[in-house]
Number of protein chains: 2
Amino acid sequence: MNFTIQNVLIAADDAYATVDVRVVDGKIAAIASNLDVVGTGFDGKNKLLLPGFFNAHTHSSEMWQRGIMSVFPLELWLAELYDFAPLDTEKVYLSALGTAVETLLSGGTSVVDHLVLIPGQEFETIATAVRAYKEAGIRAFIAPLIQDESITAGIPSGELAQTHEPYFRSTAATLEIIEEAVRQFHCPDEGVNILVAPTGIQLCTDALFEGCIELSDRYNLCRHSHLLETRAQEKLAQEKYGCTAVEHLKRIGYLSDRTTLAHCVHLNDADIAIMAETQSTVVHNPLSNLRLGSGIAPILKYRQAGVNVTFGCDGASSNDSQDLLEAIKIGSILHNVTDSDYQNWITPRQAVEMASLGGANGLNLADKLGSITVGKQADLVLYDLTNLSLLPRTDPIGLLVLGRPTNVVDSAWVNGKQIIADGKVTTINVDDLRQELFNRSQWETKRKSQSVAQIETHYRTVMGL
Amino acid sequence: MNFTIQNVLIAADDAYATVDVRVVDGKIAAIASNLDVVGTGFDGKNKLLLPGFFNAHTHSSEMWQRGIMSVFPLELWLAELYDFAPLDTEKVYLSALGTAVETLLSGGTSVVDHLVLIPGQEFETIATAVRAYKEAGIRAFIAPLIQDESITAGIPSGELAQTHEPYFRSTAATLEIIEEAVRQFHCPDEGVNILVAPTGIQLCTDALFEGCIELSDRYNLCRHSHLLETRAQEKLAQEKYGCTAVEHLKRIGYLSDRTTLAHCVHLNDADIAIMAETQSTVVHNPLSNLRLGSGIAPILKYRQAGVNVTFGCDGASSNDSQDLLEAIKIGSILHNVTDSDYQNWITPRQAVEMASLGGANGLNLADKLGSITVGKQADLVLYDLTNLSLLPRTDPIGLLVLGRPTNVVDSAWVNGKQIIADGKVTTINVDDLRQELFNRSQWETKRKSQSVAQIETHYRTVMGL
């Protein structure tokens, strides 16, 4: 799969250069003017080439409930979500494909799927997601979502004594599932990675975190988790540990330069210093944080402290899309209201770097991915700059990040393999996918969640509502 | 142009109904099951019909600078904008068409264009916008942007004595231009409306506001203005009037039930009460307010106080798009972080009502537009619910508002005339428009604004940066 893109715009310092880019054996082999065409030639005229972005946090099966979840904060939203979660692997397969397609068509070439496991079919769920992502051709980081406490334990007790049902599966059994998945599927060279990914301090014991650390060290796995998404979790950490969640995770050794943490909304300055010191990565999910009313993550502070930040869409039930360009736009401009000094605001070029190199950094792959550099893997996206949504011609990266680009991805390659050509995904049949998603769903309006009914009064009391 | 849409989903109470909708002579004539087809028949199966939305505040010619403006707060951004504003009517024509197309393709059937006038060609600018909107077929509310003070007067003086160049055109001459435009073009029955639209208290004398009130009363015109977009304007109002801008506008009589005010970010509780009492309308431009770091408008407070709220894209240089669905989504979910009680959050159905009936209300047309009601004008949009971005099937309005719908407008009608069919604008040639926008522009990176260089030091001082 060798190819050469001719006369394409790439970012160069504070401007653009028109160059040829040659890819040989899945790697960027040369970037220069007037290269001889090796392999297939692509016309890059009026097109922009960028490194593929990372959709660095999502939950693919939430696609089945997008558009219908109540306007709730996380804790109630989660109760409703789980009451209606899909329980068959065919649905898992289709929503993983859908997540891949929407990510690819918005500039992403990698996805971190914090994958919700079907109880009793945990291993099959992981195997299904692996199959879907391999078929789609997107680079996959599958982070099976695990916990060992029941959902009600995720809400602070407040003044009240609370008891919770024990979780239905033992910590040891959970860790065994992950280890088996690693043995069978973890194959970075083939674009499939397994991550350890306890859901977060709100639903996990230290034993689970420690088991994950042990697996991560033994198999060289990246680590993922949610972190301090809501005010309720901030309270809960104090109840549980008598310190912040960040302090606790540092103490038990979960934070590292291959740890990505989704949300990070409610961190104080000392926490931010710990994030920097441990070289942990923040995955910013701006749309989800707004939709669930979680708050505005202090992204400008992270950047000033030297914390690596990248973007995620989060699951499609709290977004309710998988469009990375939308997440990048809102995740950039949202923070302008948090700091009156515009010299600290995120520029479009910085946003692109956060979405590409920032993601690669968090997944410990900055030497292989995240920029258009000779020697790196060819995870590349070619944007058509003649689309109405990117006209008139001004600054291509500014238009892409700050506008609302529609149908602008002309081509995409993962590891040098073409996944999108002429604006269409080439690896799977998207019309068939649409038909399947249509057939397996129906128009619905409001549903009644039993779990929400059970916990809402307690939630309102403890949160002072 | 009579037609009947068969078997289409419409919103009905808290659910959906499948109905036929008959349009005769530009008006909705019947809504029921199993109507006889009158005129052209349209298949509404797997489609959702909604009233057309209002893009209730924009500046069309800003399209020429989208994607390239520096990340600046309003006052500096405006200085840069004006240094590079397009100065020929052909560009005005093309950007008005572009604004119409993007609005239509995102569910809008009406646009309020706070139109920047080319100095010395003011009347021609207005005539050009009228021509473009008539050709596109969108319902147009042209609000020529006028001022009678120079741009430096828009920044608070602080402790410093400041003098400003007099504005190049007299207040009387400006009002004459507006009156002539009203005489020639104001024709609501043909879908063209002229509004009085001083840019805002920051650049207008009371004489200009009072002249506009007089024209508004004499010709029955709606009134438009920017209001308290930035912290700087809040300071400036105190310097200028010794009271808030809202108190001052009430005192001089500008606020009314046909006054729409863009932004309204920095209002206090007493101001909000005045907005409710005068039945003024807030036009919320969430993307622009984030992009320029203006702040988060207190939209939930407006709703609780009974103030009518609708949405705008604002000009494409501060957004940088004209996609109403994006503005509606962000303008809904953004406010969840301002109030921890989710019972106050905006639901997708409420957002749709704000974008349709809210716009009609603000323009004093709620008896004629803004809902699917027998007797109202047929400004209607038909959405294709089989698009991947709206699948799997869940709650159609939830998907449309909270997702990122792409290519979902199947058909649109304004006053019963079809403007979009099969997803394509039928009134103008969009490929030709693209080509013209392409030909008249070039890839640019950073530019150097002389005006910004002149005012930045003062701005930073007075704003305490």
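Any idea which residue in segment A:137-174 is modelled with the lowest pLDDT, counting only those that are closer than 20 Å to A:H59 by Cα and among the hydrophobic types (A, V, I, L, M, F, W, C)?
This residue is A:I151.
Listed here are the residues, each with its yes/no results for (1) open to solvent by 10 Å² or more (accessible area, probe 1.4 Å); (2) touching a Gly at 6+ places or on another chain (Cβ under 9 Å); (3) not assigned by TED's automatic domain parsing to the domain that holds B:I146.
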residue	(1), (2), (3)
B:I28	no, yes, yes
B:V38	yes, no, yes
B:D43	yes, no, yes
B:A56	no, yes, no
B:M63	no, yes, no
B:A79	no, no, no
B:Y82	yes, no, no
B:L94	no, no, no
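In segment B:304-329, what count of residues is obtained for those that are away from chain A (no Cβ under 11 Å) and not hydrophobic (A, V, I, L, M, F, W, C)?
7
If you scan segment B:397-446, which residues turn out to be open to solvent by 70 Å² or more (accessible area, probe 1.4 Å) and either more than 8 Å from chain A (Cβ to nearest Cβ) or farther than 21 Å from B:D88 by Cβ (or both)?
Those that are open to solvent by 70 Å² or more (accessible area, probe 1.4 Å) and either more than 8 Å from chain A (Cβ to nearest Cβ) or farther than 21 Å from B:D88 by Cβ (or both): B:N407, B:K417, B:D422, B:K424, B:T426, B:N429, B:D431, B:D432, B:Q435, B:N439, B:K446.
Within segment A:207-214, does at least one residue satisfy the condition of being in contact with an Asp or Glu (Cβ under 8 Å, 6 or more places away or on another chain) and open to solvent by 10 Å² or more (accessible area, probe 1.4 Å)?
Within segment A:207-214 (the criterion being in contact with an Asp or Glu (Cβ under 8 Å, 6 or more places away or on another chain) and open to solvent by 10 Å² or more (accessible area, probe 1.4 Å)), the answer is yes, since at least one residue qualifies.
Which one is farthest from the other protein chains (Cβ to nearest Cβ), of the residues in segment B:28-86 that are closer than 26 Å to B:W413 by Cβ and polar (S, T, N, Q)?
The extreme case among them is B:T40.
Could we say that A:K368 is in contact with a Lys or Arg (Cβ under 7 Å, 6 or more places away or on another chain), without any contact (Cβ under 8 Å) to a residue 24 or more places away in the chain and away from every other protein chain (no Cβ under 11 Å) here?
yes
Might you check whether a residue that is assigned to a helix (DSSP H, G or I), touching a Leu at 6+ places or on another chain (Cβ under 9 Å) and within 30 Å of B:N344 (Cα to Cα) occurs anywhere in segment A:52-59?
No, segment A:52-59 contains no residue that is assigned to a helix (DSSP H, G or I), touching a Leu at 6+ places or on another chain (Cβ under 9 Å) and within 30 Å of B:N344 (Cα to Cα).
Scan segment B:105-124 and give yes if some residue there is part of a strand (DSSP E or B), aromatic (F, W, Y) and open to solvent by 30 Å² or more (accessible area, probe 1.4 Å), otherwise no.
no
One residue is enough: does segment B:172-183 have a residue meeting the conditions buried (at least 23 other Cβ atoms within 10 Å of the Cβ) and not in a helix (DSSP H, G or I)?
no
When both residues are 6+ apart or on different chains and their Cβ atoms are under 6 Å apart, which pairs have a first residue that lies in segment B:240-264 and is within 21 Å of B:F54 (Cβ to Cβ) and touching a residue at least 12 places away in the same chain (Cβ under 8 Å), and a second that is assigned to a helix (DSSP H, G or I) and open to solvent by less than 10 Å² (accessible area, probe 1.4 Å)?
Once the first residue is within 21 Å of B:F54 (Cβ to Cβ) and touching a residue at least 12 places away in the same chain (Cβ under 8 Å) and sits in segment B:240-264, its partners that are assigned to a helix (DSSP H, G or I) and open to solvent by less than 10 Å² (accessible area, probe 1.4 Å) give B:Y254/B:F209; B:L255/B:L249; B:T260/B:G362.
Looking only at residues that are over 20 Å from A:V337 (Cβ atoms) and in contact (Cβ under 8 Å) with a residue 12 or more places away in the chain in segment B:215-236, which one is surrounded by the fewest Cβ atoms within 10 Å (Cβ to Cβ)?
B:Y219
Looking at B:S280, B:S332, can you tell me which residue is polar (S, T, N, Q), more than 9 Å from chain A (Cβ to nearest Cβ) and touching a residue at least 12 places away in the same chain (Cβ under 8 Å)?
Selected residue: B:S280, the only one of B:S280, B:S332 that is polar (S, T, N, Q), more than 9 Å from chain A (Cβ to nearest Cβ) and touching a residue at least 12 places away in the same chain (Cβ under 8 Å).
Does B:V38 meet the test of being part of a loop (DSSP other than H, G, I, E, B) and not small (G, A, S)?
yes
Within segment B:364-392, track down each residue that is open to solvent by 10 Å² or more (accessible area, probe 1.4 Å) and farther than 21 Å from B:D20 by Cα.
Hits for segment B:364-392 are B:N364, B:L365, B:A366, B:D367, B:N387, B:L388, B:S389.
Mind telling me which of the residues A:A297, A:A262, A:A270 ends up being open to solvent by 10 Å² or more (accessible area, probe 1.4 Å) and assigned by TED's automatic domain parsing to the domain that holds A:T244?
Answer to the check: A:A270.
Can you go through A:K376, A:K301 and tell me which one is touching a strand residue (DSSP E or B) at 6+ places or on another chain (Cβ under 9 Å) and more than 14 Å from chain B (Cβ to nearest Cβ)?
None of the others qualify; the one that does is A:K376.
Which residues, taken from segment A:345-361, are in a helix (DSSP H, G or I) and open to solvent by less than 60 Å² (accessible area, probe 1.4 Å)?
Those that are in a helix (DSSP H, G or I) and open to solvent by less than 60 Å² (accessible area, probe 1.4 Å): A:P348, A:R349, A:A351, A:V352, A:M354, A:A355, A:L357, A:G358, A:G359, A:A360.
Using beta carbons and a limit of 7 Å, which pairs, at least six apart or on different chains, have the first residue in segment B:350-363 and assigned by TED's automatic domain parsing to the domain that holds B:M275 and the second one of a type in the set (V, I, T) and assigned to a helix (DSSP H, G or I)?
Taking only residues 6 or more apart or on different chains, the pairs are B:A351/B:I328; B:A351/B:V401; B:V352/B:I397; B:V352/B:V401; B:A355/B:I328.
Mind listing whichever residues of segment B:65-90 are assigned to a helix (DSSP H, G or I), more than 19 Å from B:A143 (Cβ to Cβ) and touching a helix residue (DSSP H, G or I) at 6+ places or on another chain (Cβ under 6 Å)?
Of everything in segment B:65-90, those that are assigned to a helix (DSSP H, G or I), more than 19 Å from B:A143 (Cβ to Cβ) and touching a helix residue (DSSP H, G or I) at 6+ places or on another chain (Cβ under 6 Å) turn out to be B:E75, B:L76, B:A79, B:E80, B:D83.
Select from segment A:129-155 the residues that are touching a strand residue (DSSP E or B) at 6+ places or on another chain (Cβ under 9 Å) and among the hydroxyl-bearing types (S, T, Y) and write down the one among them that is most open to solvent (accessible area, probe 1.4 Å).
Top of the filtered list is A:S150.
The values are calculated or read from the model by the stated rules, or taken from the named source; none is laboratory data. The structure displayed is predicted, hence computed values, not measured ones. Neighbour counts run over all protein chains shown; Cβ positions are idealised from the backbone, glycine included. With ligands, DNA and RNA removed, areas are computed over all heavy atoms of the protein, side chains included. Shrake-Rupley method; radii C 1.70, N 1.55, O 1.52, S 1.80 Å.
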